[in-house]
Structures are given as C-alpha cells and as structure tokens.
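Here the structure is laid out as structure tokens; the discussion comes afterwards.
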Amino acid sequence: GLEEMTAKPFQDTGNILKQGYLEKRSREHSFFGSEWQKRWCVLNRRTFYYYANEKSKQPKGTFSIEHYDARLAFHLRKDSRKRCCFELICPGKRTYE
C-alpha cells in the first residue's frame with residue numbers, strides 16, 4: 001500500500017528542488033474516466049508534496065520519493081499535453097501520473 005506521511009505544511013523553502021503546477025490523475029474513476037486535477041507541487045530531496053493551490057497551508061498528499069523513478073508516459077493523454085506526461089513509479093506502491 002501507499003505509505004503516506006503525516007500531512008503538514010511545507011515550511012523549509014531552502015530545500016525545494018522544484019515547485020509549480022502539475023496535473024495529477026485522480027485514483028477515483030468517474031463515468032467519464034479518471035480526472036486530471038491541477039495541483040501545486042513541491043519537490044525536495046526526499047519528499048513530494050501536492051496542494052490544492054499555491055496558497056494552501058496543508059498538503060492534499062505527500063509521499064517519500066525514495067525508490068521512486070520517473071518515466072515519460074505519452075500514452076496517458078490523447079490531447080496536446082501528451083508530450084509532457086510522466087509517471088512516478090515504485091514497485092509495490094502507488095503510481096502517480
């Protein structure tokens with residue numbers, strides 16, 4: 001299963017490697033399929049955080065990136081954004097698209 005860390009505000013801006021908006025595919029499937037949700041994402045050396053928006057104080061989710069790999073995944077979308085798609089994968093854990 002997913003080993004989620006305790007959600008807490010991300011304060012340590014000195015360790016941020018990247019931050020910005022990404023679209024994350026939800027785990028829940030609706031009648032129309034999975035939805036893409038715009039999230040403010042913050043990556044530091046050990047952890048990936050995602051928030052509803054850049055002003056949010058509490059993350060909607062967080063996970064350790066240890067043992068995760070990133071790979072391009074053009075097959076995830078059919079629209080003009082397909083060239084930007086990637087997956088974060090780790091055996092035995094949730095894949096983030």
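FYI, it's all coordinate maths here, none of it is from the lab. The structure displayed is predicted, hence computed values, not measured ones. Quick reminder, even Gly has a Cβ in these numbers, built from the backbone with ideal geometry, and neighbours come from all protein chains shown.
Here are the numbers:
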read-out	value
Unit charges on C-beta of K, R, D, E only; dipole of region 47-97, Debye	240 debye
Where chymotrypsin sites (Phe, Trp or Tyr not before Pro) fall in DSSP loop in region 54-97, at most 14 other Cβ within 10 Å	none
Trypsin sites (Lys or Arg not before Pro) lying in DSSP loop within region 55-97, provided at most 10 other Cβ fall within 10 Å	LYS55, LYS57, LYS78
